[in-house]
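Heads up: the structure comes next, in structure tokens.
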Amino acid sequence: MNNNPDSPTMTAPPISEPVFIRTLKGEAIDPPPVWMMRQAGRYLPEYRKVRKNAGSFLDLCYDPALACEVTLQPIRRYGFDAAIVFADILLIPDGLGQDVAFKEGEGPVLSPVDSAKAFAGLSMDRVHETVGPVYETLRLTRKGLPPETALIGFCGAPWTVATYMVGGRGSPDQKAARLAAYRRETWFGGLIDLLVEASVEYLVRQVEAGAQALQIFDTWAGNLAPGEYQRWCVEPVCDMVDALKSRVPDVPVIGFPRGCGAAYAEFAGATGVDAVSLDTSVDMAWASSSIPADVVLQGNLDPLAVVAGGRELDHAVDCILEAMEGRAFVFNLGHGLIPETPVDNVARVIERVRARGARHS
Ligand code: CP3
């Protein structure tokens, strides 16, 4: 045994953090790390195979071995820099006791929480028991991932989750939730507070189970008038980030207030997130000059460009890379991959991102 403290055997080997995590901590790395929202899903034949035999979508989310398998599928196929745990933003409503089902061709269907009485039927008592399989999926997935691949945990932002809970299904205008919000229904405010509390605990437990970064999806942030956006998107996410920064301070948090336009410039400062994920409508040159340099950016390739492929796809990738040069940046989409995406086009994007970075180094 070697007892000399100066000898190399006594020095801990440098633990190299995944490039995705280094980027989220502010380092500009060339080529940038790349992953894609909805990278596990129906565009992959290997996903469709597992999905077919898994029963319902919720059954798949709550089966750690299968959920781990579909989380790893896009990593094996493409070597993304990060994996996102296979789950859904609507598991929290399920955990709170709402009836949640995913219907073929229809999307999510929930028993609406649209009154004080329905709100009173929700309970925090069983949330973590219900969503417990997600923590197990994270543990299994971390074991199955190469060390250079980061593992992302996630949840929906309170506003977006509330739009489904109140409306009972997806809608183009989120009318039911927006009306309850404008009317300042006491139960609506209570619902947002409940979601903040449940989601923080959910994310902290995801970190304990192996998540190394967290993303908060606010898919429907963009349909709110400025004052409403401030009250129902910025404030709850700010409360969540405050709590996360005190409980899991080293874990980077990505915010995705989809569609919030010029408000992206202030979002990180207002909420405390480390990074913002930009949707497809944002001009990355604008983002680079308008969002403070210490905010890490992620985005924002149009998922339809990935469906179309060809030169336009290459061009779209190049424009984003050019605008993001010199910034801490994670290459991603502006929204999730859609089922008709050709698998080869996903590979083409990754190759282009990495080849370009290599030319620059
Ligand atoms: O790969 C990943 O990104 C991880 C898994 C993931 C899913 N949903 C799996 C899923 C993530 C991160 C989500 C987030 C999610 N879920 C959001 C926010 C991001 C976004 O897309 O805007 C929202 C709004 C939901 C709610 C949701 N889940 C809807 C509206 C639907 C139906 C529409 C659709 O795309 O099918 C889902 C179902 C869902 N979630 C599927 C997957 C793979 C498809 C279900 C299936 O395979 O049968």
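Coordinate-derived values only; no laboratory data. The model shown is predicted, which means the values in this text are computed figures rather than measured ones. When we count neighbours, we look across all protein chains shown, and the Cβ atoms used for this are built from the backbone with ideal geometry, even at glycine.
Inspect region 13-25 for any residue being farther than 19 Å from V353 by Cβ, of a type in the set (D, E) and within 16 Å of the ligand (Cβ to nearest atom) and give the result as yes or no.
Scanning region 13-25 turns up no residue that is farther than 19 Å from V353 by Cβ, of a type in the set (D, E) and within 16 Å of the ligand (Cβ to nearest atom).
Please specify each residue of region 237-272 satisfying the condition of being within 16 Å of the ligand (Cβ to nearest atom) and either over 23 Å from I84 (Cα atoms) or outside any strand (DSSP E or B) (or both).
V237, M240, R258, G259, C260
Only residues that are surrounded by fewer than 16 Cβ atoms within 10 Å (Cβ to Cβ) and either within 13 Å of the ligand (Cβ to nearest atom) or touching a residue at least 12 places away in the same chain (Cβ under 8 Å) (or both): list them for region 65-76, please.
A65
Restricting the search to region 204-243, which residues are surrounded by fewer than 22 Cβ atoms within 10 Å (Cβ to Cβ), among the small types (G, A, S) and touching a residue at least 12 places away in the same chain (Cβ under 8 Å)?
A209, G210, G222, A243, listed by residue number.
Counting only residues that are crowded, with 21+ Cβ neighbours inside 10 Å and away from the ligand (no atom under 15 Å from the Cβ), give me the helices (runs of 4 or more DSSP H) lying completely in region 275-361 with at least 1 of them.
284-290, 310-324, 343-360
Can you find a residue in region 48-64 that is within 10 Å of the ligand (Cβ to nearest atom), closer than 20 Å to G144 by Cβ and in contact (Cβ under 8 Å) with a residue 40 or more places away in the chain?
Yes, there is a match, as at least one residue in region 48-64 is within 10 Å of the ligand (Cβ to nearest atom), closer than 20 Å to G144 by Cβ and in contact (Cβ under 8 Å) with a residue 40 or more places away in the chain.
Among the residues of region 25-56, how many are buried (at least 18 other Cβ atoms within 10 Å of the Cβ) and under 24 Å from G334 (Cα atoms)?
Final tally of qualifying residues: 13.
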